[in-house]
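Notes to accompany the following structure.
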Amino acid sequence: MTAPSGPAVVVGRYVLLDQVGSGGMGSVWRAWDERTHCHVAVKVLGRHGSALLARFVREQAIRVRHPHVVAPHGWAAEDDLVVLAMELVPGGSVADLLREHGPLDPGTAALLLEQLLLGLAAVHSAGLVHRDVKPANLLLEATGDAPPHLRLGDFGVAAPVADRRFTTVPGAIGTDGYMAPEQARGALPEPSQDLYAVGRVALEMVTGLPPSRQGEIPSHPLRPLVERLLVADPEQRLATAEAALRLLRRLPVPPPACPPVPDRLGPAPRRRTNRWATGWTSGWTSGPATTRDDVDWAGWAAVLALAGVVAGCLWVLLGWLA
């Protein structure tokens, strides 16, 4: 099966509320975790093949805890359904921000790049290469008019540094346009490949253009950083996220203008419960969450009224028979 079309409990734990995304590996849902009693994001994979399942298992193994990283915190399987749970990040992505606002002001671009590099430094310190850094994988918290807060997500193709088990010769893993030249040729995973992708993302932030339409690097406060990141030769490229951070923080960048980042998911559907002789059954409506201790007073009033009518009819019938 693929993702359920409506609210359903999967693997006995996660109640799927509404679909918030989709991709090549399956669909992403906002869900209620019955064990932790909080909302989470759940990636659902149905009718999985061995290759996709291997990616799921690899992704769930990522355990990087950092304010600018959103990594999976658990997974479960049931029959032909596999789910991967992670924190819910409701502000959309940098791709959404660029689609709505076009090129970002230098201060906002620098702020987002600093947060991305901080997250990548943590990922690389854990011995991993992300391999798919792009605006759609740069998630945003819903900060409103406050400064944006970026979280690097989607570790489905991440791999250990220079691990031959994850090479793809003669193919390549990543997204066209954001891959470093050597990555596109199937080179072993190296952190500098993620830094090349950061350069492509930076150029997209300041021009509003995807890699397929990018040309020369324009005159811009961030140009010295972008030039060092987009060097084709990996030996001449900035080698670490920390080195890129040091260069970024030396640049004369103005304060960020910070376009607003709204909550793109809206209020979560709420839980509605009713008690019957057979126990508890759950449904979902929109609004704040309720608990099993809540009482459906309107339902009980209807039951009592019906009981009163029945009692009245019996009293009249018995009086007539007497």
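Coordinate-derived values only; no laboratory data. For clarity, every value in this text was computed on a predicted model and none was experimentally measured. Cβ atoms come from the backbone with ideal geometry, glycine included; neighbour counts cover every protein chain shown.
Take the Cβ atoms of Arg270 and His73, set R0 to 30 Å, and the FRET efficiency comes out at 0.80. Over the range 94-250, the Kirkwood radius and the radius of gyration, each from Cα atoms, give a ratio Rg/Rh of 0.94.
Among 189-196, 32-39, 143-150, the peptide with the highest mean count of other Cβ atoms within 10 Å heads the list, and the full ranking is 189-196, 143-150, 32-39. Computed from the C-beta positions of Ser219 and Asp145 and an R0 of 22 Å, the FRET efficiency is 0.15 to the nearest 0.05. Peptide packing for 215-223, 116-124 was compared via the average number of neighbouring C-beta atoms within 10 Å per residue; ordered from the highest value, the list is 116-124, 215-223.
Counted residue by residue at 0.36 nm each, then reduced by the alpha carbon distance between them, the extension gain from Asp233 to His101 reaches 44.2 nm. Charge dipole (Cα centre; +1 on Lys/Arg Cβ, -1 on Asp/Glu Cβ; no other charges) of the range 94-250 amounts to roughly 260 debye.
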